[in-house]
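Inspection log for the structure reproduced underneath, given as structure tokens.
The values are calculated or read from the model by the stated rules, or taken from the named source; none is laboratory data. Quick caveat: nothing in here was measured; it's all calculated off a predicted structure. Cβ atoms come from the backbone with ideal geometry, glycine included; neighbour counts cover every protein chain shown.
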Amino acid sequence: MAEIDLQGLRKTYGRVIAIRELSLQIRDGEFLVLLGPSGCGKTTTLRAIAGLEMLDRGRIVIGGRDVTALPPGKRGIAMVFQSYAVFPHMRVYDNVVFGLRMRGVPEPEQRRRAAETADLLEIAGLLDRYPAQLSGGQRQRVAVARAIVMRPDVLLMDEPLSNLDALLRLHMRAELKRLHREVGSTTVYVTHDQVEALSLGDRIAVMKDGEIVQCGTATAVYDTPANRFVGSFIGSPPMNFLSGSVRAAGGRLVLATAGSTVELPDPLRASLSGRTEGEIVVGIRPEHIEVALSPAADAITAETIVLEPVGAHQLMTVRAGRETLKVTVPTDLLVQPEQRVWLRMNPGRIRLMDARTGQAIGAAS
Amino acid sequence: MTLRRLGIYSAGLVIGAWVALPLLLITLAAFTPRDLLYQWPRRLWPEEFTLDTLLFFARSAGVLRATWNSVFVAAITIGLSFLIAAPMGYALARYRFRGRDALQLAILATKMFPATVLSIPLAVAFIRWGLYDTLLGVAIVHTALSIPFVTVIVVSVFLSISFELEEAAMTLGSSRAQAFLRVTLPMALPGLAAAGIFTFVLSWNEVFAATILTLDNRTLPALIINSVVAAGAPLHYRFAGGFFMVVPALVIIFLIRRYLLTLWGVTVR
């Protein structure tokens with residue numbers, strides 16, 4: 001059993017703040033992804049959990065044990081580094097059992113566990129080789145094997161897939177998910193790749209400027225981003241943001257944006273909690289906008305700029321008034337550049353945000 | 001284009017000859033019989049080789065003793081300079097601390113003062129401390145001379161070994177010291193050995209301080225220079241002595257040239 005409890009972490013390097021203020025509970029066996037742009041403090045947070053960074057403030061509790069002052073080797077963690085950090089002067093086998101040797105595990109037990117782990121990661125045929133004789137993907141497997149052979153309470157991974165080519169990354173992503181199911185260690189995984197985060201994480205903690213801006217399931221952070229940053233960081237292409245305004249009209253609440261008006265559905269109305277006037281930012285994902293080739297009620301008039309086929313669908317860039325939007329449309333929609341089209345937002349999928357702070361209005365997920 | 005290439009090659013040829021020709025001549029002379037050496041005009045290719053010249057040198061008074069002295073001094077120099085420069089090099093490579101850049105500059109600054117200027121005060125100080133004419137005294141000066149080099153090499157060696165490897169070892173249950181001993185040190189060993197050999201060459205070839213600071217306990221270069229300058233040693237002694245001095249340095253530099261290149265930031269892999 002190893003739940004992780006991060007309490008009020010703070011870490012600075014001189015004047016640079018790496019972690020501003022971070023508290024997070026991670027459940028036993030959970031796969032938690034720390035996601036954010038470079039320099040947001042995600043790797044520092046991971047290294048702090050590992051014990052490789054000294055914190056200015058805050059406590060780290062793993063499995064009910066306060067490990068804040070313990071060295072990395074006594075925390076019950078194992079870590080996979082971005083560079084793999086496989087020991088180049090040792091054979092794969094010696095790499096894998098390095099931690100067991102340091103712990104004084106008897107030799108027969110070492111051999112048994114190494115064989116078991118090698119099978120799990122399909123590197124049984126490589127045990128006699130030196131790391132220089134391995135491909136990048138194989139080295140990565142060795143790094144993972146070296147970590148999970150320890151049967152750690154907590155498995156930490158720092159962008160483990162970022163040095164692999166695209167195809168291998170896709171394959172290893174699925175492998176890591178399978179491994180997590182079989183091994184069951186509480187896993188903290190750092191990445192800047194939102195697709196990786198969405199596909200792997202039980203929960204995703206989105207970080208920015210040393211703080212967690214939102215922590216929730218893949219669906220939650222994708223569908224109901226807590227602010228503009230999350231909406232624009234997650235999703236490819238990112239969420240569209242239009243400036244608009246809300247006003248009351250005959251008992252209804254109407255949203256005016258890009259030269260068109262939309263009646264707000266009840267849930268959104270409720271989320272506004274009494275606000276009936278004012279500037280607002282409308283967040284809508286590209287796939288929640290419907291494109292019509294003839295005028296329709298409540299539709300935004302727009303002009304296409306670019307059309308990019310991306311395989312499963314087309315990505316259309318349109319201009320509506322002064323705003324530029326990205327819309328995904330079916331491949332069979334025939335549109336020319338600079339053609340007039342009409343856009344209808346799915347009202348149920350609109351995310352309203354405060355024009356000044358960029359924070360989502362209404363129930364956070 | 002071809003003209004340019006011709007220029008580069010001829011420059012290379014000239015520089016190569018400038019270095020290699022004296023070495024070649026001294027080698028030939030060291031194996032030439034004594035009477036041929038004194039012939040005039042002397043033939044470039046002696047056509048007759050002998051070990052007598054070298055044996056004569058080796059049997060000359062004090063040569064064996066001086067050779068032993070040189071090896072002894074070099075060994076102490078290696079020990080002392082590693083004791084000081086290896087931890088310093090590790091610290092400079094691994095930690096960012098206040099005064100780090102200043103320290104790095106200060107190490108090179110020791111090269112600013114020519115030994116000639118320092119020799120008299122040094123001799124006086126050594127006489128006072130009872131280090132004059134001792135091998136330890138010579139070794140201390142050689143240590144001071146070699147510390148900048150050893151530090152620079154050690155820094156580059158440790159910089160080339162990713163700190164993440166040590167961190168990985170620590171997450172796997174090693175202490176900091178264990179991580180160093182089991183991961184970093186084995187990987188650093190070839191580079192450190194190169195630094196040690198380089199120090200040996202430095203000490204083996206150093207003549208100025210060794211001459212100033214010793215009278216009876218001469219190292220080999222000090223003995224040879226003294227025999228040549230003060231006693232006017234015969235030609236064949238000079239050639240054989242020169243050859244004897246040059247060979248270890250040459251062989252060693254050849255063996256570690258890869259590491260010496262990386263020292264200047266050129267990576268040869």
- Among the numbered conditions (1) assigned to a loop (DSSP other than H, G, I, E, B); (2) in contact with a Lys or Arg (Cβ under 7 Å, 6 or more places away or on another chain); (3) at the interface with chain B (Cβ under 8 Å from one of its Cβ atoms), tell me where residue A:68 comes up short. (3)
- Given (1) free of Cβ contacts under 8 Å to residues at least 60 places away in the same chain; (2) surrounded by fewer than 23 Cβ atoms within 10 Å (Cβ to Cβ), where does residue A:230 come up short, assuming only one miss? (2)
- Members of segment A:192-223 that are closer than 23 Å to residue A:163 by Cα and buried (at least 21 other Cβ atoms within 10 Å of the Cβ): A:194, A:196, A:197, A:200, A:201, A:204, A:205, A:206, A:207
- Message: If residue B:128 satisfies all but one of (1) surrounded by fewer than 20 Cβ atoms within 10 Å (Cβ to Cβ); (2) within 14 Å of chain A (Cβ to nearest Cβ), what's the number of the condition it fails?
- Response: (2)
- Number of positions in segment A:73-124 that are outside any helix (DSSP H, G or I) and within 14 Å of chain B (Cβ to nearest Cβ): 20
- Message: Give all pairs with beta carbons closer than 8 Å in which a residue from segment A:22-45 that is under 17 Å from residue A:213 (Cβ atoms) meets a residue that is part of a loop (DSSP other than H, G, I, E, B) and of a type in the set (A, V, I, L, M); count only pairs at least 6 apart in sequence or on separate chains.
- Response: A:35/A:234
- Message: Any residue at all in segment A:36-43 that's more than 29 Å from residue B:160 (Cα to Cα), surrounded by fewer than 16 Cβ atoms within 10 Å (Cβ to Cβ) and out of contact with any helix residue (DSSP H, G or I) (no Cβ under 9 Å at 6 or more places or on another chain)?
- Response: no
- Item | Pick from segment B:205-216, criterion outside any helix (DSSP H, G or I) and either surrounded by fewer than 21 Cβ atoms within 10 Å (Cβ to Cβ) or at pLDDT below 85 (or both), ranking: nearest to the other protein chains (Cβ to nearest Cβ) | B:207
- Flag for residue A:195 being within 22 Å of residue A:175 (Cα to Cα) and at pLDDT 95 or above: no
- Item | Residue that is touching a helix residue (DSSP H, G or I) at 6+ places or on another chain (Cβ under 6 Å), at negative phi, at pLDDT 85 or above and at the interface with chain A (Cβ under 10 Å from one of its Cβ atoms), where the choices are B:202, B:189, B:159, B:165 | B:165
- Message: Here is a list: B:53, B:77, B:32, B:67. Which entry is in a loop (DSSP other than H, G, I, E, B) and buried (at least 16 other Cβ atoms within 10 Å of the Cβ)?
- Response: B:32
- Subset of segment B:226-247, residues modelled with pLDDT of 85 or more and either under 18 Å from residue B:76 (Cβ atoms) or among the β-branched types (Val, Ile, Thr) (or both), comes to B:246, B:247
